[in-house]
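What follows is a single structure, written as structure tokens, with notes after it.
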Amino acid sequence: MNMALRVLTALALFIDAGVHIHLAPGYQGASPGGIGQGNLFLLESAAAVLVALYVLIRGSRAAFALALVVALSAFAAVMMYRYVDIPAFGPFPAMYDPVWFFEKSVSAVAEGAGALLAGVGLLRTAHQRRADAPRRSAPSPAS
């Protein structure tokens, strides 16, 4: 079960990263000299790929926690910028995009599913850690 959870969480993050890499060039055009939404997409993609690999390799509590942060923050961003017109602030551009299209929908579903899967993985690893704790701390029998 743990391996399936790791693979599905990583897959959701890989899908998220792939969509953002695919969309990044089209979104950078609005701000060619600045940070731009395209560059933010590429940074998010890099984080998603690195964390997906970490989840696959380790499957630890920390890996699932990072996966939860990356997937949930990406999901929150796509939902927020879909429904709320936030103006540019500091070096960040205005990214309001009030329409759903196929790639955006796929990304949102993958991010939401990734966040749920990572949350389950985090809970399972925490529960497993507590279940293993008495065995680790039990004194060894004297000879």
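The values are calculated or read from the model by the stated rules, or taken from the named source; none is laboratory data. In this text, all values refer to a predicted model and were calculated from it rather than measured experimentally. So basically every Cβ, Gly included, is an ideal-geometry build from the backbone, and we count neighbours across all protein chains shown.
Here are a few things to note about the model shown:
- Identity of the residue in the stretch 12-26, touching a residue at least 40 places away in the same chain (Cβ under 8 Å) and not acidic (Asp, Glu), that ends up surrounded by the fewest Cβ atoms within 10 Å (Cβ to Cβ): His22
- Residues that are surrounded by 12 or more Cβ atoms within 10 Å (Cβ to Cβ) and over 22 Å from the mean Cα position of the chain (by Cα) occur at least once in the stretch 112-130.
- Condition check for Leu43: assigned to a helix (DSSP H, G or I), within 27 Å of Val99 (Cα to Cα) and touching a residue at least 24 places away in the same chain (Cβ under 8 Å): no
- Residue check for Ala24: small (Gly, Ala, Ser), modelled with pLDDT of 95 or more and not in a loop (DSSP other than H, G, I, E, B): no
- Hey, Ala126 more than 21 Å from Ile21 (Cα to Cα) and out of contact with any Ser or Thr (no Cβ under 7 Å at 6 or more places or on another chain) or not: yes
- Selected residue [surrounded by fewer than 14 Cβ atoms within 10 Å (Cβ to Cβ) and in contact with a Lys or Arg (Cβ under 7 Å, 6 or more places away or on another chain)] from Pro87, Pro91, Pro98: Pro98
- Every residue from the stretch 59-76 that is surrounded by fewer than 15 Cβ atoms within 10 Å (Cβ to Cβ) and either closer than 17 Å to Phe41 by Cβ or aromatic (Phe, Trp, Tyr) (or both): Ser73, Ala76
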